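Everything below concerns the one structure shown next.
The values are calculated or read from the model by the stated rules, or taken from the named source; none is laboratory data. Predicted model only: the values in this text are computed from it and were never measured. Note that each Cβ is placed from the backbone with ideal geometry, even for glycine, and that neighbours are counted across all protein chains shown. Each accessible area value is taken on the protein alone, full model and side chains, heavy atoms only, with ligands, DNA and RNA left out. Shrake-Rupley method; radii C 1.70, N 1.55, O 1.52, S 1.80 Å.
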Amino acid sequence: MRTESKKISKSSWPKLAVRKWLNIKSSAERFHSDYDATTAIAKERRRSCSDRDRYVVVPDDLSEGWVMDSTSGMKKKSAPGPGTGGPDLRMFVGTWNVGGKSPNEGFNLRNWLTCPSPADIYIIGFQEIVPLNAGNVLGPEDSGPAAKWLGLIREALNSNEELDNTGQNSPKSSPRYCLAASKQMVGIFLSVWVRADLCNHVTNLKVSCVGRGIMGYLGNKGSTSISMTLYNTTFCFVCTHLTSGEKFGDELRRNLDVSEILKKTKFYHSFKSLAHPLPPESILEHDNIIWLGDLNYRLASGYDDTHELLKKNNWQALLEKDQLRIEQKAGRVFKGWNEGNIYFAPTYKYLTNSDHYVAQSSKSKIKRRTPAWCDRILWKGEGLNQMCYVRGESKFSDHRPVYSLFSVQVDMKSKNIAPSTATMPRCCPLKPLTNSSLSSTCCTAKVQAEEQLLLLTRAQSCIDTVPRF
């Protein structure tokens, strides 16, 4: 993976702040990846309607499917034959709010990521990888901690040695993993890793970020999502950090965050391969969805009652007061979603480097935080079967990490579409392709491109005229 770090002067912060405030997606669709197919597209010379009206369709995946040239009509490139069914895959999903702390170089993630056994796919989400101060929220994005976490994950997943019975290092033929995609929005960071031999079967990688923080737009709270297709099954992974607070009514603000994220998360695709279905554009259009993160739902009970149940390890009685389960049961949020049974202690809020909750040591009611299951993993989709749902015991932050292991069914059969019924974009009616329709499509695309250019020019003019402060 190749990344470039650029220092941005404080004089440019006003422009960055305006971009974030107005939700202008300057680089929102960019992401890091080891996957060659994501960079191969950029190396091709992509023609458009402005390029002498020759190419009217530019697929995202140029290695397969259809390419249309107005001078020679449609050309069908070689497509793979129908696939066959295979064994279920194992998917590890982990979430951790690290409290704005950056890891040391020797920080060990192996106990968390390789427990109980290696998986085929790893979905790892973090919250607060940077402190949520004004500089990080309004200023340039600090990608240093994200790079550190990626390095530690890569080291943990790709380690080829283990201790044998004599205590000596011995080679291990463990599967190796590559980074399919990673995306950061302020402190929210999501990465997807797949076994190296699965990389060629991962397509349609897209990312989307929704800010739900200050003024309902900035990225100190919100979501980072990754969409992908594995073989012919679509997946969406949504890493969120929702509104905090344990005052009465704060759970309704969290419900609103979920609703807005579902509504505003969009995965924009250009013309797709006409031999395959269009990829999903919204979260709920995917076959399988994982929602993970610091959802911040608290316990609807006083500290005294909670403290007594904590001493007895009576998790089931405490869970009856869990805001997320109350709101979900009432149909106000996550209707139709699944969450596994919780048999572990609340994951928040701990003293750093301690097994004690802050509430157990704080005498101030203002600083006291009632313990709660803030860190959760939910899912939706018939192809997912949860195998375990547990928490880790790292004392690195005031949250405990949570992870789940899933068995995943994927559709390995090809879903090629006949050329005569080639799928057009969602905004166009389905009809046979003719010379006149090609010309019409070209003109429409040209007008849309000009409109987008005009909007971008106006937005840039707005940004440039904002006074510095």
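Only one of the numbered conditions (1) modelled with pLDDT of 95 or more; (2) in a helix (DSSP H, G or I) is violated by Glu155, and that is (1). Against the conditions (1) closer than 28 Å to Met387 by Cβ; (2) modelled with pLDDT of 55 or more, Asn104 satisfies every one except (1). Taking the residues in region 370-386 that are among the polar types (S, T, N, Q) and more than 21 Å from Ala300 (Cβ to Cβ) as candidates, determine which candidate is most open to solvent (accessible area, probe 1.4 Å). Only one residue fits best here, namely Asn385. Once region 320-360 is narrowed to residues that are in a loop (DSSP other than H, G, I, E, B) and touching a Pro at 6+ places or on another chain (Cβ under 9 Å), the residue that is farthest from Lys247 (Cα to Cα) is Ala345. Inclusion of Ser143 among residues that are at pLDDT below 95, within 25 Å of the chain's Cα centre (by Cα) and within 30 Å of Leu351 (Cβ to Cβ) is warranted.
Residues of region 124-143 that are part of a helix (DSSP H, G or I), touching a residue at least 12 places away in the same chain (Cβ under 8 Å) and more than 24 Å from Asp375 (Cβ to Cβ): Leu138 alone. Kindly establish whether Leu242 is at pLDDT 95 or above, open to solvent by 60 Å² or more (accessible area, probe 1.4 Å) and among the aliphatic types (A, V, I, L, M). Spelling it out, it is not the case that Leu242 is at pLDDT 95 or above, open to solvent by 60 Å² or more (accessible area, probe 1.4 Å) and among the aliphatic types (A, V, I, L, M). For region 387-408, the candidate set comprises residues that are outside any loop (DSSP other than H, G, I, E, B) and out of contact with any Lys or Arg (no Cβ under 9 Å at 6 or more places or on another chain); within that set, the residue that is least open to solvent (accessible area, probe 1.4 Å) is Ser404.
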